[in-house]
Amino acid sequence: MIPGTKNEFTAGSEIGSFTVVANAGRGAYGEVLIVRDISGREYAMKIIQAMEDELSALRAIAEIKNADGLVPVHAAGKVPDGSGRLYYLMDAADNLAAAPNYLPDTLANRIARNGRFSAADVLAVAERLLTGLKKLHDNHLSHRDIKPDNIMFTRNGTVKLADLGIAKKDDEDDNLTKTNVMMGTPAYLSPEQVENPKTVDIRSDIYSLGATFYEMLTGQPPYPGKTSFDIIRKMF
């Protein structure tokens with residue numbers, strides 16, 4: 001059975017046809033679970049607090065198969081507990097470390113661990129990520145939350161763009177802006193995304209990726225600050 005709380009899933013809980021193996025952590029927009037289907041295959045399931053608008057974007061992403069530079073999304077839907085939350089499934093083995101911790105090796109971790117990257121290493125990462133980003137944009141999708149925490153290294157060292165939970169289709173309105181929720185992470189947002197997330201497109205994602213590459217080269221984001229207000233004030 002699914003726990004009564006909307007924010008916690010424990011090992012052994014059932015979500016539709018999936019059984020929860022472990023809780024792998026929580027981010028700004030939801031939590032990541034390791035789940036197993038009836039065949040025994042394990043996935044990473046991201047549970048997000050989102051509007052139904054995002055479901056069509058997530059399902060469109062699931063139609064993009066075998067895209068270099070993107071963590072594969074296999075399916076997306078509503079969590080069957082009446083909460084209105086959404087989920088999407090990713091390859092657990094592809095973007096998460098081995099059990100028992102299931103913690104991802106992210107670009108943010110590598111920056112914290114190793115400091116600045118060489119220009120050659122930045123270009124190698126950039127080439128792969130731009131390939132994945134082009135695949136999104138070819139399908140009229142915007143990621144909207146590109147940052148070092150959402151760039152992951154697989155077990156064989158391949159780099160991939162992850163966390164597609166607030167992606168948006170270019171031709172769809174974004175009702176989240178009606179509740180004055182700022183989508184994305186301030187240090188990597190383009191000025192136009194801060195002003196009006198409803199109208200962002202490929203250019204905003206390119207800005208966010210550029211801010212990420214800037215941090216790889218220098219060790220800090222373009223506009224560092226202790227608070228979101230401080231960062232946004234510097235940006236403008």
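The values are calculated or read from the model by the stated rules, or taken from the named source; none is laboratory data. For clarity, every value in this text was computed on a predicted model and none was experimentally measured. Neighbour counts run over all protein chains shown; Cβ positions are idealised from the backbone, glycine included. These area figures cover heavy atoms from the full protein model, side chains too; ligands, DNA and RNA do not enter into them. Shrake-Rupley method; radii C 1.70, N 1.55, O 1.52, S 1.80 Å.
Structure notes:
- Test: Ser142 is at pLDDT 75 or above, surrounded by 13 or more Cβ atoms within 10 Å (Cβ to Cβ), more than 19 Å from Gly69 (Cα to Cα) and of a type in the set (Ser, Thr, Tyr): no
- Any hit, the range 25-40, residues being of a type outside the set (Gly, Ala, Ser), open to solvent by 40 Å² or more (accessible area, probe 1.4 Å), in contact with an Asp or Glu (Cβ under 9 Å, 6 or more places away or on another chain) and modelled with pLDDT under 75: yes
- Checked against (1) over 13 Å from the mean Cα position of the chain (by Cα); (2) at pLDDT 80 or above, Leu161 passes all but condition (1).
- Within the range 222-236, residues that are under 23 Å from Arg116 (Cβ atoms) reach partners that are surrounded by 13 or more Cβ atoms within 10 Å (Cβ to Cβ) and among the small types (Gly, Ala, Ser) with beta carbons closer than 8 Å, at six or more positions or on different chains, in the pairs Pro222/Ala187; Pro222/Ala211; Tyr223/Ala187; Pro224/Ala187; Gly225/Ala187; Ile231/Ala187; Ile231/Gly225; Lys234/Gly225.
- Cβ pairs under 6 Å, 6+ apart, first in the range 106-119 and within 11 Å of Gln220 (Cβ to Cβ), second open to solvent by 30 Å² or more (accessible area, probe 1.4 Å): Gly115/Gly219; Arg116/Gly219
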